[in-house]
Amino acid sequence: MNCQLLKDHKERVWQVAWHPNGQILASCSSDKTIKLWQLMNDQYKLIQTLDECHTKSVRSVSFSKDGQFLASGGFDTVVGVWMYDGSKYKLIQQLEGHESEVKGVAWSADSNYLASCGRDKTVWIWDHEDLEFSCNCVLQAHDEDVKCIKWKDTTLYSGSYDNSVIRYTYGEDDEWDHKQFQIEHQSTIWSIDIFNKLLLSTSADCTAKVFSIQDGTLKPIQTLQGFHKEPIYSGSFSYDGLYFALGSADNKISVFKKDAIDELGYPHYALDQIFDAFEFDVNCVAFNPKNYLLAACSDDENIKVFNLQL
Amino acid sequence: MFSSTIKISSVSDYIIPSQECIKPLMKNVKLQLDDPSIQLKPNLIKNQNNVAKVSLQDCLACSGCVTTAETILIQTQSLDEFLQAIKKHQNPAIGISPQSRASLSYVLNFTDSEMHSILHQLFQELNVKLYDMSEYVKIAINNSIQEFKQTKITPLLCSECPGWVCYAEKTLDESIINHMSKVKSPQQIFGAILKKNHDYIATIMPCYDKKLEAVRQENSEDINIVLSTREIEQYIKDYIQKSQITPQQIQLSTMAINFQEYHNISSNNYLDYIIQSTVMPNWTVKQNIRKNKDFIEITIYNEEMVLQSIYARVFGLKNIANLISQIKTKTCKYKYVEIMACPLGCLNGGGQIQIQKNTEKANDLIPKLKDIMISQKIQLETTQQNEQEMYLTQFKHIKNESNFQW
């Protein structure tokens, strides 16, 4: 297996996120910066360091689906919005309102909404007009720290320290409705990823679960347990849903492959490989949107892009 | 989310999982509430063993320690607590806010004045003197008009709402807190005045955050206890069922005004009186919706349609956030903003009686409560005098402080 080491952050790297073109990778760190890396001649080069927004750790980073925007969430309670100006990403606005650390940021598929979530138990939805962002809604549906959020088109899912997943949908009377799912994780839900009608949740209970999004509910399909002995902080589907990867506090990454479809049409995933990835906790894994490259980052301050040879 | 946390001296590492907290202050507090819609979360510590440990992970995930959660504070201001306390005092008093009374009237199916007379009878039997808070709303409004006339601060932000105040103190810089009106809320003015003649003072309010307002150091415990409308509903219902009540039509007064389209009585009309104090005859007042119906801009034009000033009424956290961002980027053009934490204002407060979700929505209910608030009352006027006693408060700047103590 090939692996490229992207080394420049001075402290733990919290998240990595791919640009929709699959060529640029964003990373964010406790060193208060976001770094952008571009694939040039088969090597990743640091092309930009964004350091003018956050005064504390940057916890989350995410590109919009059209690549026009980049959002960041920090422990300083600020959500940063950056825009591509033709040659680089520029900070266009700092969104304030969260009472405590922001843990996740995510763009809706049409880029109309930006969601942020945090320790103050809320999910904030921001919209924009003429590139000016303002708050659309503040949703306090979780009882505890909201660790992650993920859009499926214009429906939003959040995962929390309260062990539940909540789904938010925009209702007719200008309000966002929500529904809570107790999906039988025994502990914090650290990440959510979605591929078509599949939802992948990873948890501090050392398991990952796959659900089918159907009939307004989350139907459990599979639980992956016994592969990691520590919390699983991140999960990511490959662009075609054929694989997903998990990153854990045990320093390992596991990769699962869809190996069967049952009589009801639901996929089954089996372990393809598991390996030591870093010196310390794996905080985030992210499959490239165009191929099987897997980016990952760690408490050991490193970022690696793996060519898993799948 | 709005309320601050209380900090009690050091929390020991081991908390025995039980219904009662080990801290002396909390000894008599039962952690079970009758109202199932109020959720207490004593089980914040995830542990399978007999002894619960608080780990760093738990602490970092939590935004209020188990022993310091406002839910426990709120519990110490319960109906039971009130009923016990009034027996131990010679001269207790209770004030009812117009929003709470409107909510009770609607649900229990009485007119506002009948409701007040029933409450008067109920509390009289408990040796508690009932007050209508309208006179104290009047003082707060008069003080606000005077402050507005004398201030150089723009925008001046109404600070009657404790939810907004707690949020501001926790998350905003001193530079913005300096924009906040220093006038005490009607509840606090009520306490400051009544404590001369009463040894125990209670209020009935449409939200829980008023309980936190009452315990603020700046308010020196003038108010002993705050009950939300919901907490007292059942007690009143039971009383009505078992007593011989003869509800009377008594004359009530009000500061609520609802003559103009832009008037909104839900949170005591602060903005409308401020505007009224600046508008001359033949001037035009126009309102427009900015972003949503809880963010209203009101523009004043003189007789030649030259723009004089702009004001705003901002309800709900999402709109507050947008207003704050205007103030921070210095694009805020309002002279005075009536800010309230609850969408639709105090009539829709978190402590009001909830109507079943399928039968009535807030948008339909609130206009009905407004009608109740305004109907058949003697209109109180603002006073023109320049010299009036000002009831003022202070704010904390706790955004970056790690050791905040009440």
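Each value in this text was obtained by applying a stated rule to the coordinates, not by laboratory testing. Since the structure is predicted, the reported quantities are computational estimates derived from the model, not experimental observations. Heads up, the Cβs are rebuilt from the backbone with ideal geometry, glycines too, and the neighbour counts pull from every protein chain shown.
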### Task
Examine the stretch B:343-363 for a residue that is of a type in the set (Asp, Glu) and away from every other protein chain (no Cβ under 14 Å), and state whether such a residue exists.
no
### Task
Would you please list the contacts, defined by Cβ atoms under 6 Å and residues six or more apart or on different chains, that run from a residue in the stretch B:326-349 that is part of a helix (DSSP H, G or I) to a residue that is not aliphatic (A, V, I, L, M)?
B:Gln326/B:Cys332; B:Cys346/B:Gln99; B:Cys346/B:Pro206; B:Cys346/B:Ser266; B:Cys346/B:Ser267; B:Leu347/B:Gln99; B:Leu347/B:Ser266; B:Asn348/B:Cys342
### Summary
Reported set for the stretch A:225-269 where residues are surrounded by 14 or more Cβ atoms within 10 Å (Cβ to Cβ) and in a loop (DSSP other than H, G, I, E, B) is A:Phe227, A:His228, A:Glu230, A:Pro231, A:Ser238, A:Tyr239, A:Gly241, A:Leu242, A:Ala249, A:Asp250, A:Asn251, A:Tyr266
### Query
When the stretch B:89-119 is examined, which residues are found to be surrounded by fewer than 18 Cβ atoms within 10 Å (Cβ to Cβ) and either in contact with a strand residue (DSSP E or B) (Cβ under 6 Å, 6 or more places away or on another chain) or free of Cβ contacts under 8 Å to residues at least 24 places away in the same chain (or both)?
B:His89, B:Asn109
#### Entry: Residue in the stretch A:120-134 that is surrounded by the fewest Cβ atoms within 10 Å (Cβ to Cβ), counting only those that are within 25 Å of A:Asp85 (Cβ to Cβ), within 13 Å of another protein chain (Cβ to nearest Cβ) and touching a strand residue (DSSP E or B) at 6+ places or on another chain (Cβ under 8 Å)
A:Glu132
### Message
Considering only residues that are among the hydrophobic types (A, V, I, L, M, F, W, C), more than 15 Å from B:Ile94 (Cβ to Cβ) and outside any loop (DSSP other than H, G, I, E, B), which ones fall in the stretch B:206-231?
### Response
B:Leu212
### Task
Tell me, yes or no, whether the stretch A:279-290 has at least one residue that is surrounded by 17 or more Cβ atoms within 10 Å (Cβ to Cβ) and out of contact with any strand residue (DSSP E or B) (no Cβ under 7 Å at 6 or more places or on another chain).
no
### Query
When the residues of the stretch B:322-342 are filtered to those that are within 12 Å of chain A (Cβ to nearest Cβ) and touching a Leu at 6+ places or on another chain (Cβ under 8 Å), which remaining residue is surrounded by the fewest Cβ atoms within 10 Å (Cβ to Cβ)?
B:Ser325
### Query
Here are A:Cys117, A:Cys137: which of them is more than 9 Å from every other protein chain (Cβ to nearest Cβ), outside any loop (DSSP other than H, G, I, E, B) and within 25 Å of B:Thr329 (Cα to Cα)?
A:Cys117
### Message
Could you check the stretch B:286-321 and list, in sequence order, the residues that are over 22 Å from B:Leu347 (Cα atoms), aliphatic (A, V, I, L, M) and either assigned to a strand (DSSP E or B) or within 12 Å of chain A (Cβ to nearest Cβ) (or both)?
### Response
B:Ile300, B:Leu307, B:Ile310
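Residues checked against (1) under 19 Å from B:Met205 (Cβ atoms); (2) under 16 Å from the mean Cα position of the chain (by Cα):
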residue: B:Asp132; (1), (2): yes, yes
residue: B:Lys149; (1), (2): no, no
residue: B:Ser159; (1), (2): yes, yes
residue: B:Lys170; (1), (2): no, no
residue: B:Lys182; (1), (2): no, yes
residue: B:Ser185; (1), (2): yes, yes
#### Entry: Check on A:Lys179, charged (D, E, K, R), farther than 30 Å from B:Lys293 by Cβ and either touching a His at 6+ places or on another chain (Cβ under 9 Å) or assigned to a strand (DSSP E or B) (or both)
no
